[in-house]
Amino acid sequence: MRLTEDGKTRLTLVLVMALWGGSFIASKVGLEGLFPVELATLRFAIAVPLLVVITLIVEGPKAFNIARKDLPVLIVMALTGVTLQYIVQFYAMTYTSVTNTALLINMGTFFVIIPSAIFLKERLSIDNILGIIIAFIGVALVATKGNFAFSMNLIGDGLVLICAVMWAIYILVGNKLAGKYSVLSQLNYIFIFGFIGLLPFYFITPHHAIGEFSSTTWACLLYLAIICSVIAYFFFNDAIIKLGPAKAALYQYLEPLFAIVLAITLLHEPLTAAIVAGAVFIIAGIAMADNNLKVLGYFIKGTETVKEEHGP
């Protein structure tokens, strides 16, 4: 059975979420050896030149031709998707847990779905809405392992929610340029502007000498820079263009699932019934929200058909 283009994009999104799920662990481990602003800045200090070289090889200098009127959009995306996003997120992770971060940052999906329905005229069926709710319950089960008695620092949780809002802005604003430029063209400007925005914070905050970095610190940095930034950002932005912001955002529900699975595999954390149940909820919820599974809609449609056949 051959996958359609949409099917390939959806499968790629799942892989992207697996990579980003690993970023929570890499970030937490990286923060053991680096300061938050330092980790964010060095991540893009590696990612920016690498992306520029790849772009020149694949598309040539023409990829950097951007209309001046579109620069403000790219600057907003750079601030919300790179500069402020990672400064705030990495500071948040010094106050709260990986699981809380994985859960709360997915609130960004709500901040994408609702404006998309209002302003971009993306219709939401009753199954779409129910799917969003079911998937979020699944996220809660996976990220908290069924223990909803939160005792985490409210400062950290609040900062993660701010990250969720910024990520939603990044996705929604990015839709304005969908299809106008190549993904590589957009990403270069987003990363370059975002990196420039990080530099002032880097120089006014504490940072280590590069020679002091451990091999673990370097591994975390390279994973975040190459895998999570260059590769994952490319395919996620490509998915926004092909599927729209609302549908692309739905797949972020998979991030905490992969984060916990990787924690079980790499850190030998136990597999619980809550994680298994949460995984089922997440998969079913995304299928409903993405119009691949109908539950209430099936019965409602069936009722309407009966009425048409038998009359009022």
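All of the numbers you see were taken from the coordinates with simple rules; none came from a lab. Note that this is a predicted model, so its numbers are computed, not measured. Heads up, the Cβs are rebuilt from the backbone with ideal geometry, glycines too, and the neighbour counts pull from every protein chain shown.
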**OP:** Express in % the proportion of alpha carbon pairs of the stretch 1-141 at distances exceeding 18 Å.
**Re:** 72
Original post:
Which net charge results when you count Lys and Arg as +1 and Asp and Glu as -1 among the other residues whose beta-carbon is under 14 Å from that of LEU104?
Top reply: -2
Original post:
Mind listing the phi-derived Karplus ³J(HN,Hα) values for the stretch 275-289, rounded to whole Hz, using 6.51, -1.76 and 1.60 with θ = phi - 60°, and x for any glycine or proline?
Top reply: 5, 4, 5, x, 4, 4, 4, 5, 5, 5, x, 5, 4, 5, 5
Subject >> Length gained when the stretch ILE204-ILE137 is fully extended (0.36 nm per residue, less Cα-Cα span) >> reply: 20.0 nm
Original post:
Using the C-alpha gyration tensor of the stretch 214-279, what are the square roots of 5 times its eigenvalues, in whole angstrom, with the largest one first?
Top reply: 25, 22, 5
Subject >> Long pairs among LYS180/LYS242; LYS8/LYS28; LYS8/LYS180, criterion Cα-Cα beyond 20 Å >> reply: LYS8/LYS28; LYS8/LYS180
**OP:** Round to a whole angstrom and tell me the spacing of the C-alpha centers of the stretch 256-276 and the stretch 14-90.
**Re:** 27
Subject >> J(HN,Hα) series, the stretch 175-186, from Karplus relation 6.51 cos²θ - 1.76 cosθ + 1.60, nearest Hz, glycine and proline x >> reply: 5, 5, 9, 4, x, 7, 10, 5, 4, 5, 4, 5
Subject >> Spread of Cα-to-Cα distances over 10 Å intervals beginning at zero, given as percent, for the stretch 46-103 >> reply: 18, 32, 30, 17, 3
Subject >> Highest-first arrangement of 255-264, 91-100, where packing means the average Cβ count within 10 Å >> reply: 255-264, 91-100
